[in-house]
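The values are calculated or read from the model by the stated rules, or taken from the named source; none is laboratory data. These numbers were taken from a predicted model, which means no experiment stands behind them. All Cβ positions, glycine included, derive from the backbone under ideal geometry; neighbour counts span all protein chains shown. For accessibility, only protein heavy atoms count, side chains too; no ligands or nucleic acids. Shrake-Rupley method; radii C 1.70, N 1.55, O 1.52, S 1.80 Å.
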Amino acid sequence: MIIGNVALDGSGALFDIELAGSVIVSITPSGGRGPTGEEVFDGGGGVALPGFVDSHVHLTQWAAARRRIDVGPASSAADAVALVYPYVRTAGESVVRANGFRDAQWPEEPHKDLIENALPGARVAMTSMDLHTLWLSPALLADLGIDHPTGVLRDVDGLEAVMALEAMEDPAELDRAVLDATAALAVRGVTGVVDFEFADNRSVWDRRLSAGSPAVRVDTTVWPQWLDEALGRGDRTGDVSALSDLIRRGPLKVMLDGSLNTRTACCHDRYPGVEGEDAYGLLLESRESLFELVAKASRGGIAAAIHAIGDRANGVALDAFERAGCGGRIEHAQQILPEDIARFAALGVTASVQPQHAMSDRDIAEDLWSGRRSVAYGYGSLHRSGATLLFGSDAPVSPPEPLAAVAAAVFRTDDDRPPWHLEEAVPLDASLRAASGGRGVLRVGDVADIVVLVEHPEHRSADDLAETEVRATFCAGALTHASAG
């Protein structure tokens, strides 16, 4: 395969990229080779860049969310119930699933009785925008054997209930939906993801491969519940599956705190209007248990990826890496003390962040985190300190649109409002690298994971950059998407 007539940067000089299997074997000026008999994809003068890697997704949840009711526009709990009402009327005994509500600024708390009063006996499950809250109707709580006073399950309790809901679905149907979702990712220029689904991900993907091959590479995370089993098998981060070269073992995922919207992200300062011991958010692991998990996984060759959003949680996560004497990843890193920013690079800890979250959370962050000493969504500060950045979407929390993430990081706005804390913007070249799993430019010997855009992003404004057309995507040398144009 030859990808012909493409630029490699913004200069406009055109090249031909020769692929052999899954590797780039040559890059030569366009027009310099005669007929070769090889298949040629004409890049049409577009720019070829390293394929995008979404470094934090929940693939099953995103695949399912594509088929669910969107309750994101709801401005109250009653609004959310009203949005699902028409669907429940025709659902019969089926479970009605909805996604995307944001209750942090609602005038009332969600409650199971609100669903029951409007829709008696209905089986309804609504998942919050940040995946940290699951709101269930009384009938569905009974089906799952859950006795809960409000029907609103947060953090680990919510994740476990989501897993129980998925156990009620047809695995073959879910597998087909996920494989279809990977094809949709390829349309967006994505060639790889890190799948943070709360599940026994190795077993799930071993089963899923019998239904077909994904259109992207998948790094499968391991959660603490399955860590001993993974270590017993000798799994190590980066190991390639014996069933497919596209599947690798990813990091250990540890949930250390909650989220901003649920006010459970663990901070040094109180949340306004919240009293009691929960006013600072929640630590879901003790310092000692976190260290033991990180050290245990590291000794077995499995890197740790710690979910930490609040500034206290980020400090505790960095302490765990320092004490264990290993690097790793912090997922989200949304609020960090100034003195902790430099520790990322010093300890070899990658900041795996989601630039679109900064845009969707800017209002609630101003409400709940304003006036604090910590830096919120400080991607620019992390970059300047020498920390390695990786970009992701946390789909379905944000849509898996890597160019939208780059635009949000570079311009710090995604609407008509002025940039939000422009000092925390990340330069375009660094943002593209973070969106491509750390790869900067295409080189001979690289894996042939490539995206071809109609134009280099440096020539485009914020809105135009996010909407840049993907002309083609190649994963492991195979063409996984080509635009009709």
- Message: Using 0.36 nm times the number of residues separating ALA183 and ARG67, minus their current alpha carbon distance, what extension gain do you get?
- Response: 40.2 nm
- So how compact is region 72-178: Cα radius of gyration and Dmax in angstrom? 13.1, 41
- Task: Throw me the Rg/Rh for region 187-238, computed over C-alpha atoms with Kirkwood Rh, two decimals.
- Result: 1.00
- Message: For the chain, compute Rg over Rh where Rg is the Cα radius of gyration and Rh is the Kirkwood radius from the inverse mean 1/r over Cα pairs.
- Response: 0.97
- What percent does the relative contact order of region 1-74 come to when contacts are Cα pairs within less than 8 Å and at least six residues apart? 32 percent
- Query: Using a basic spin-label model with each label point 7 Å from the Cα along Cα→Cβ, how many nm lie between MET163 and ASP228?
  - Reply: 1.4 nm
- Based on the alpha carbon coordinates of region 1-158, what radius of gyration and maximum Cα-Cα distance (Dmax) apply, in Å? 25.5, 74
- Item | Relative contact order of the chain, defined on C-alpha pairs under 8 angstrom at six or more residues apart (%) | 18 percent
- Cα convex hull of region 107-154, projected area averaged across orientations, nm²: 3.4 nm²
- Residue (of LEU403, GLY348, ALA376) at the positive-pole extreme of region 306-421, dipole from beta-carbon charges: GLY348
- Item | Gyration tensor verdict on region 399-477 (Cα atoms; rounded if a/c is under 1.5, prolate if a/b is larger than b/c, oblate otherwise) | prolate
- Antiparallel DSSP beta bridges within the chain, as percent of all bridges there, nearest 5: 45 percent
- Query: Longest span of the chain, sites excluded, free of GluC sites (Glu not before Pro) in DSSP loop with at most 13 other C-beta atoms within 10 Å?
  - Reply: 276-466
- Query: Any idea which of TYR271, ALA77, LEU389 is furthest toward the positive side of the dipole for the chain, if Lys and Arg beta-carbons carry +1 and Asp and Glu beta-carbons -1?
  - Reply: LEU389
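Work out how much length GLU322 to THR28 would gain on full extension: take 0.36 nm times their residue separation and subtract the Cα-Cα distance, in nm to one decimal. The partial results should precede the final answer.
Working: separation 294, 0.36 × 294 = 105.84 nm, distance 4.52 nm.
Gain on stretching GLU322 to THR28: 101.3 nm.
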- Task: Work out the FRET efficiency for ARG299 and LEU479 from their Cβ-Cβ distance, taking R0 = 56 Å, and round it to the nearest 0.05.
- Result: 0.85
- Message: Let me check something: with ligands and nucleic acids excluded, how do ASP239, ASP367 order by accessible area (1.4 Å probe), largest to smallest?
- Response: ASP367, ASP239
- Note on the structure: When the charge dipole of region 1-140 is computed with +1 at the Cβ of Lys and Arg and -1 at the Cβ of Asp and Glu, the Cα pointing farthest to the positive end, of GLY92, SER30, LEU131, is that of GLY92
- With a ≥ b ≥ c the root eigenvalues of the C-alpha gyration tensor of region 240-301, is it rounded (a/c under 1.5), prolate (a/b larger than b/c) or oblate? oblate
- Note on the structure: Computed, not fitted: 222 nm per-residue ellipticity of the chain from DSSP H runs ≥ 4 (each -39500 (n - 2.57)), nearest 500, equal to -9500 deg cm²/dmol
- Item | Residues of region 336-466: accessible area per residue with a 1.4 Å probe, Å² | 37 Å²
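Taking R0 as 56 Å, what FRET efficiency do you get between SER385 and ARG89 from their Cβ-Cβ distance, rounded to the nearest 0.05?
0.55
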- Note on the structure: So for R0 = 41 Å, FRET eff. of ARG176-ASP416 from the Cβ-Cβ r, to 0.05, ends up at 0.55
- Item | Descending principal axes extents, region 37-104, alpha-carbon based, whole Å | 61, 31, 21
